[in-house]
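Data block below; observations after.
Coordinate-derived values only; no laboratory data. Keep in mind it's a predicted model, so treat the numbers as computed, not measured. Note that each Cβ is placed from the backbone with ideal geometry, even for glycine, and that neighbours are counted across all protein chains shown.
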There are 2 protein chains.
Amino acid sequence: MTDQPGNPGETGADVLCDTLLANDVDVCFANPGTSEMHFVAALDRKPAMRCVLGLFEGVVSGAADGYARMAGKPAATLLHTGPGMANAMANMHNARRANTPMVNVVGDHASYHLPYDAALTSDIDTLARPMSGHVRRIAGVEDVSPATAESVAAAMSAPGTVSTLILPANFAWGAAPQGAPAKAQLRAPTRVDEDRLAAAASALRDGKKTLILMTGTALREAPLEDAHRIAAATGADLLAQQANARLERGGSRVALNRVPYPIDQALEVLKVYERVILVGAKAPVGFFAYPGKPSSLLPEGCEILTLADPSDDLPGALDALAQAVGAKPVPKPQIAAIPDLASGKLTPETIAITVGHHLPDNAIVCDESVTSGRDFFRFTYGAASHDWLQLTGGAIGVGLPLATGAAIACPDRKVVALQADGSGMYTNQALWTMARENLDVCIVIFANRRYAILHGELKGVGAGEAGENARRMLDFDEPSLDWVKIAGGMGVEAARAETAEGFTELFKRAAKTRGPFLIEAMI
Amino acid sequence: MTDQPGNPGETGADVLCDTLLANDVDVCFANPGTSEMHFVAALDRKPAMRCVLGLFEGVVSGAADGYARMAGKPAATLLHTGPGMANAMANMHNARRANTPMVNVVGDHASYHLPYDAALTSDIDTLARPMSGHVRRIAGVEDVSPATAESVAAAMSAPGTVSTLILPANFAWGAAPQGAPAKAQLRAPTRVDEDRLAAAASALRDGKKTLILMTGTALREAPLEDAHRIAAATGADLLAQQANARLERGGSRVALNRVPYPIDQALEVLKVYERVILVGAKAPVGFFAYPGKPSSLLPEGCEILTLADPSDDLPGALDALAQAVGAKPVPKPQIAAIPDLASGKLTPETIAITVGHHLPDNAIVCDESVTSGRDFFRFTYGAASHDWLQLTGGAIGVGLPLATGAAIACPDRKVVALQADGSGMYTNQALWTMARENLDVCIVIFANRRYAILHGELKGVGAGEAGENARRMLDFDEPSLDWVKIAGGMGVEAARAETAEGFTELFKRAAKTRGPFLIEAMI
């Protein structure tokens, strides 16, 4: 029983901080409680650890996701017992689907207190597993450093995952053993398998209609160039999977489309292929099941070849494939010009055109626009170069947190959050963190005052049109949300756009001004 | 494979609705997604089911908790797959600790779609277990009605629990078999055990210093009268446990204190007892472990007798005990008058005095005031009769949802939500539901702009005073939240109180006016 605290600077919590820092984890998104107070106290002794407060745990985990997608390394989160972690779990789910490295530190009761079943006690281990790739409960003060290093290693090993580390309070406050912090033993991305490489190269020569389907680090500028010349040399097509953690696009980069979300559109796009070659991607399946429609989106008989698994070196795989098929550098096709700026009615399309014209160079777009943003890609191929971050796991409420984390990771880049109003409400508390940290985020709220996606899905699953009772589950127009007030209530400057030109004016202003700014786009 | 939908009115979703209604579950708090669209469509055919939309699932589960505490029967919730349920789980945890009956309907992918591991797929069954007393996955269309009845039975059987029913989409849309909806087989509260009754009665005669510690339905007006006369006849003391789902108090009711939250106060109160008799309550333990302090709050050697378990008939047990000890009805002690209304500085104490004076008769107080409300009881013993609902599981963010649900259950009673600002932010979306449903709730926000409890806990666990880094994890004063704007953004009228008399004026106004009204009390 460790019920006496160590001296400041020598507690398990200090060792945990030191081990994170020794492994280059130096940002912690947090919403602590009593069981994490020693970790919080340790922060005063660890100025190298940047701790960012979120006023709800969904903000915390979503921000850690956005941070890691842009920083290429994990943030820690600090969460309070089972319920605090539960609040973080929807965005842990999204992060898991994005293969995002993340180290959740979840405080629990002191180990000897657990049998008393105090009110906040819950089975954290069981709870953590469905949304974590790795779960570890710290077994004692001497285990703090090795367990932390193991968690970091699990999080960062290719392709990356969500790692959950449970810290009983007495091992946080207990006197820590001396010694250097443990180092994480990472598993690096695997080099592409030679047989798979040969099979893919050979297949690309046989004239079958082939799709190369990519995700993960295959979607960065250089591997996209490789993919482009493979396509030019072999006649294969290229697509990103439907949802991707991060896609480099705009400027002079390869213009890449993605598998559409609506099942009929996806089936239409994919029906021509006789073969799909997977580069880190999964064979496409329906986001949901729909009566009378298939679960697999590939046509019957379509051959599936895997060039590289998510844990493989995807850029290396594409580079090797380009060499194997003798692909030469080729010029990129001309990208269609962005249509002229519109005036009058504000629509998702006129917003997309404005963003296409005025997106600051090297911006980061965090896209949780859901229905409103489905058509954004074609208006922004020709925009300045940028990163595009998507909702990867379908759990809404990631957008504002994602933007928060991306802005912490990249303080010199403008972040643009394209945010549906329904999903934005889930984690609206992120606005406060943006204000506190003075993050350079322009938030565009698509204010259609409904779960627009669900009106479509209601038809899609064969349930018809919404009547009065159903409509009250899909629309939130009574009363209307006022995002300018909500943002103001959390310290974020905001304004409303009612017309296309009004939106353009506000977006240009936001693009040029540092700090958080919210535009409520009335569509 | 059930991939063809039934006709409207004959789907599994219709049967689920019908079975809920046949078992008197006629309110559903919901935030649906695609997998629940057939349930939503069925609502148009089931006007008897009142469906209430929450803009975040924590609102949904917390409202179901508040509803059931006041209605004495469960509400259903409608949640979208694993992440939607995860968002509901913190308040499911609180409900589980309150022994609240609740039936969660969690939509999942069509059963045949699950092996494809689409983005929103997660292990809902595992996820549900830690925060549910009962978990059931519907096995087919023909299983919808029996599984639903089983879930309702599990939820409602004494003492009540959280029941989670997983509904694969194809069993919601599949053609349903004919037949009457299944009826839930409830397990009624058990009659008090005769041996326990005799042991308690005998113990109460031996002169040892005894505490009768109660919770659950023991805290209603009539059993409290019984407890009071037992105390008067035997010299035993009475206390409610630290957190309770519902306590009837005020007016001419027995004035009952509860075990204090701060461990030193709790130890001080409990140290005199040689024996504790439990009536539905658990032997008191520390809310957290604190270095050098015990987990059990009872003095060493204190005898623990259980008169009644939570699943027993607690009012019956107290009635039987009163008879066994020959306790006669006795007048209640005079309650100290509420101090005069204050003016000047606004403090938790002056707010408590105002509430004590002006609480409308038969009000429902939902208390998530955390530190600010610790001293509220002594100022409100003399208030008009009311119910007092507490945070039972320590997972913050229950207050506004609880008030929402209580107001739906009791449309003719004023609900007063005493809400700390930090916890209020967790589920601020509940304000919108209050506005949409025009619920008669007066919300008092204790705006101290910090997790005040954590400043105390930091010291309590021996971690000292907060330095600059630690303070930024505990305080959210930069920027300040503006609750008047946040409420306005969600359609709730609001005003700020800066002085005691300003608060009194606003509270009196809210007490007399129907509909949601928020007072930001600057303390």
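For the range A:106-202, the orientation-averaged shadow of the C-alpha convex hull comes to 8.4 nm² (one quarter of the hull surface).
Once Rg and the Kirkwood radius are both taken over the C-alpha atoms of the range B:166-244, their ratio Rg/Rh works out to 1.32. When the alpha carbon gyration tensor of the range A:358-406 is reduced to an equivalent ellipsoid, its three semi-axes come out at 19, 14, 7 angstrom, largest first. Its Cα centre serving as origin, the range B:138-213 has a Cβ charge dipole (Lys and Arg +1, Asp and Glu -1) of approximately 440 debye. In this assembly of identical copies, the label point of B:A336 (Cα plus 7 Å along Cα-to-Cβ) is separated from its counterparts by 7.8 nm, sorted shortest first. Taken over the C-alpha atoms, the range A:377-469 has Rg and Dmax values of 15.8, 49 angstrom. Think of chain B as a dipole: +1 on every Lys or Arg Cβ, -1 on every Asp or Glu Cβ, centred on the Cα centre; then among B:V25, B:H93, B:A188, B:A188 lies furthest on the positive end. Per Stokes-Einstein, at 25 °C and 0.890 mPa s, what whole-number D in µm² s⁻¹ belongs to the range A:348-522, with the Kirkwood radius over Cα pairs as the hydrodynamic radius? Rounded, D is 151 µm²/s.
Entry for chain A at q = 0.07, 0.09, 0.10 Å⁻¹: log10 I(q)/I(0) = -0.41, -0.68, -0.83, Debye formula applied to identical alpha-carbon scatterers, no solvent contribution. Evaluated at q = 0.11, 0.13, 0.16, 0.17 Å⁻¹, the base-10 log of the normalised Debye intensity for the range A:253-347, with identical point scatterers placed on the Cα atoms, takes the values -0.52, -0.69, -0.93, -0.99. Chain A has one residue whose beta-carbon comes closest to the axis relating it to chain B; that residue and its distance in whole Å are A:K485, 2. Ranked from shortest, the separations from the 7 Å Cα-to-Cβ label point of B:S385 to its equivalents in the other copies are 7.5 nm. Along its three principal directions, the equivalent ellipsoid of the range A:12-173 from the Cα gyration tensor extends over semi-axes of 21, 17, 14 Å, largest first.
With all pairs of different C-alpha atoms in the average, the Kirkwood value for the hydrodynamic radius of the range A:418-523 is 14.8 Å. For the range B:35-71, the set of chymotrypsin sites (Phe, Trp or Tyr not before Pro) satisfying both a DSSP loop assignment and a count of at most 14 other C-beta atoms within 10 Å is empty.
To the nearest ten degrees, helix A:57-71 and the longest principal axis of the Cα atoms of chain A are 60 degrees apart. For A:A233 and B:T126, FRET efficiency with R0 = 56 Å and r from the beta-carbon atoms, rounded to 0.05? It comes out at approximately 0.75. Among the listed pairs B:K345/B:K512; B:K209/B:K293; A:K73/A:K414; B:K271/B:K293; B:K271/B:K328, a Cα-Cα separation exceeding 18 Å is found for B:K345/B:K512; B:K209/B:K293; A:K73/A:K414; B:K271/B:K328.
Considering only B:Y290, B:A199, B:P329, and ranking their Cα positions along the charge dipole of chain B that arises from unit charges at the beta-carbon of Lys, Arg, Asp and Glu, the one farthest toward the positive end is B:P329. If only the Cβ of Lys and Arg carry +1 and only the Cβ of Asp and Glu carry -1, the dipole of the range B:1-77 around its Cα centre is close to 280 debye. Dipole orientation for the range B:194-324: of the candidates B:V279, B:I263, B:A218, B:I263 has the Cα lying most toward the positive pole (charges on Cβ; Lys, Arg +1; Asp, Glu -1). If R0 is 30 Å, the Cβ-Cβ spacing of A:A384 and A:T347 corresponds to a FRET efficiency of close to 0.85.
Note on chain A: helix-only mean residue ellipticity at 222 nm, from DSSP H runs of 4+ residues weighted -39500 (n - 2.57) and normalised by residue number, equals -10500 deg cm²/dmol. Using Cβ point charges alone (K and R +1, D and E -1), the dipole size of the range A:119-255 about the Cα centre works out to roughly 340 debye.
Modelled spin-label separation between B:L21 and B:K332, with each label point placed 7 Å from Cα along the Cα-to-Cβ direction: 4.2 nm. With the label put 7 angstrom out from Cα along the Cα-to-Cβ vector, B:A233 ends up 9.5 nm from the copy partners, going from closest to farthest. Relative to the first principal axis of the alpha-carbon coordinates of chain A, what is the inclination of helix A:194-203, with its axis defined by its Cα atoms, in degrees from 0 to 90 and to the nearest 10? The answer is roughly 20 degrees.
Take each residue of peptide B:387-397, count the partner chain Cβ atoms within 10 Å of its Cβ, and average: the result is 4. So, R0 is 60 Å and r is the distance between the beta-carbons of A:R191 and A:E493; what FRET efficiency does that work out to, to 0.05? My answer for the efficiency is 0.75. Each 5 Å bin from zero up to the one holding the largest Cα-Cα distance in the range B:194-324 carries the following percent of pairs: 2, 11, 22, 24, 20, 13, 5, 2, 0. Between helix B:399-409 and chain B there is an angle of about 70 degrees, using the helix long axis and the longest principal axis of the Cα atoms.
With labels modelled as points extended 7 Å from the Cα through the Cβ direction, what inter-label distance (nm, one decimal) is found for B:I304 paired with A:I304? In this crude spin-label approximation the distance works out to 5.4 nm.
The DSSP beta bridges internal to the range B:194-324 are antiparallel in roughly 10% of cases. Computed over the range B:420-466, the P(r) tail beyond 16 angstrom holds 54 percent of alpha carbon pairs. Centre-to-centre separation between the Cα atoms of the range A:345-368 and those of the range B:1-78: 38 Å.
Its Cα gyration tensor gives the protein assembly as shown an equivalent ellipsoid. The semi-axes, each the square root of 5 times an eigenvalue, are 50, 31, 28 Å from largest down.
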